[in-house]
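K.L.:
My questions all concern the structure below.
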Amino acid sequence: MTQDQLKALVGQAALAYVPEGAIVGVGTGSTVNCFIDALGAIRDRIRGAVSSSMRSTERLQALGIRVFEASEVDRIPVYIDGADEIDHAGNMIKGGGAALTREKIVADLAERFICIADASKRVEVMGAFPLPVEVIPMAAAQIARRFNAMPGVQATIRVGVTTDNGNPILDVRGLKITDPLAMETEVNQWPGVVCVGIFARHKAAVCLLGTAEGVKTLTF
């Protein structure tokens with residue numbers, strides 16, 4: 001199967017994790033687009049969604065799905081989103097689509113994070129995919145210098161990209177993230193960091209992994 005077919009497969013499989021009458025957390029990205037399209041077929045069985053990006057909001061609304069603001073809900077049963085990398089423990093790198101901060105906000109509302117991904121995203125140690133970090137503009141150079149002081153690491157501004165919050169993204173290359181929770185905790189404390197794209201505190205409970213043999217369910 002092609003990568004697009006695998007994405008469609010896991011997007012459809014994620015419907016099994018959507019409770020009847022629920023408000024569903026919905027992420028951002030090409031795999032999530034497949035889930036949104038599948039969700040449109042059962043829109044009469046859910047109350048609506050909380051979205052992590054303007055792009056996803058537009059797609060949901062075009063299918064007739066009501067989108068709630070995060071401030072309108074206290075908790076949601078499930079958040080469904082993709083990953084740029086996911087390791088053996090369910091930790092993830094996210095933010096390739098520049099929505100990492102809002103994704104983490106919606107994930108924090110959810111009782112469970114269901115990751116949907118194709119098999120290429122499964123890794124033993126994260127860091128081959130550049131780590132996204134959303135930053136306040138005036139701190140961008142300062143934060144880049146902190147990363148660049150690490151051996152073999154290079155942080156660069158993602159050219160021509162700002163988040164839905166109006167901030168730039170740093171992409172950090174050359175990392176080997178052996179302790180995701182410790183790195184997430186440390187980087188989030190640096191002045192000027194809005195959000196680092198390590199999801200260890202909000203890691204996946206389940207990963208629906210698209211493989212040549214079909215959907216493989218990983219639980220963490």
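The values are calculated or read from the model by the stated rules, or taken from the named source; none is laboratory data. No experiment lies behind these values; they were computed from the predicted model shown. Methodologically, a virtual Cβ is constructed for each residue, glycine included, from the backbone with ideal geometry; neighbour enumeration extends over all protein chains shown. The area values use the complete protein model at the heavy-atom level, side chains included, leaving out ligands, DNA and RNA. Shrake-Rupley method; radii C 1.70, N 1.55, O 1.52, S 1.80 Å.
K.L.:
So in the range 42-61, with the set limited to residues that are touching a residue at least 24 places away in the same chain (Cβ under 8 Å) and open to solvent by 30 Å² or more (accessible area, probe 1.4 Å), which one is farthest from the chain's Cα centre (by Cα)? If you could, list the steps in order and put the result at the bottom.
P.N.:
The first filter runs over the range 42-61 and keeps only residues touching a residue at least 24 places away in the same chain (Cβ under 8 Å), leaving 42, 45-56, 59-60.
Now drop any that are not open to solvent by 30 Å² or more (accessible area, probe 1.4 Å), which leaves 45, 47, 54-55, 59.
On the way: Arg45: 25, Arg47: 22, Met54: 14, Arg55: 14, Arg59: 17 Å.
My answer is Arg45.
K.L.:
Is it the case, given these coordinates, that Val123 is buried (at least 17 other Cβ atoms within 10 Å of the Cβ), among the β-branched types (Val, Ile, Thr) and touching a helix residue (DSSP H, G or I) at 6+ places or on another chain (Cβ under 9 Å)?
P.N.:
On the way: buried (at least 17 other Cβ atoms within 10 Å of the Cβ): yes; among the β-branched types (Val, Ile, Thr): yes; touching a helix residue (DSSP H, G or I) at 6+ places or on another chain (Cβ under 9 Å): no.
So Val123 fails the test.
K.L.:
Hey, among Gln189, Gln142, Gln154, which residue is without any contact (Cβ under 8 Å) to a residue 24 or more places away in the chain, over 18 Å from Ile105 (Cα atoms) and open to solvent by 80 Å² or more (accessible area, probe 1.4 Å)? Explain how you work it out, then say what you get.
P.N.:
Working: Gln189 fails: over 18 Å from Ile105 (Cα atoms); Gln142 fails: without any contact (Cβ under 8 Å) to a residue 24 or more places away in the chain.
After ruling out the rest, the residue left standing is Gln154.
K.L.:
Can you pull out every residue in the range 131-162 that is among the charged types (D, E, K, R) and within 19 Å of Met183 (Cβ to Cβ)? Lay out the reasoning, then the answer.
P.N.:
Of the range 131-162, the ones among the charged types (D, E, K, R) are 134, 145-146, 158.
Glu134, Arg145, Arg146 - these are the residues of the range 131-162 that are among the charged types (D, E, K, R) and within 19 Å of Met183 (Cβ to Cβ).
K.L.:
Okay, moving on. Are there any pairs, at least 6 apart or on different chains, whose C-beta atoms fall under 6 Å, with the first in the range 83-102 and crowded, with 22+ Cβ neighbours inside 10 Å and the second of a type in the set (Phe, Trp, Tyr), and if so, which?
P.N.:
Sorted first by the residue in the range 83-102, then by its partner, the pairs are Asp84/Phe129; Glu85/Phe129; Met92/Phe199; Ile93/Phe129; Lys94/Phe199.
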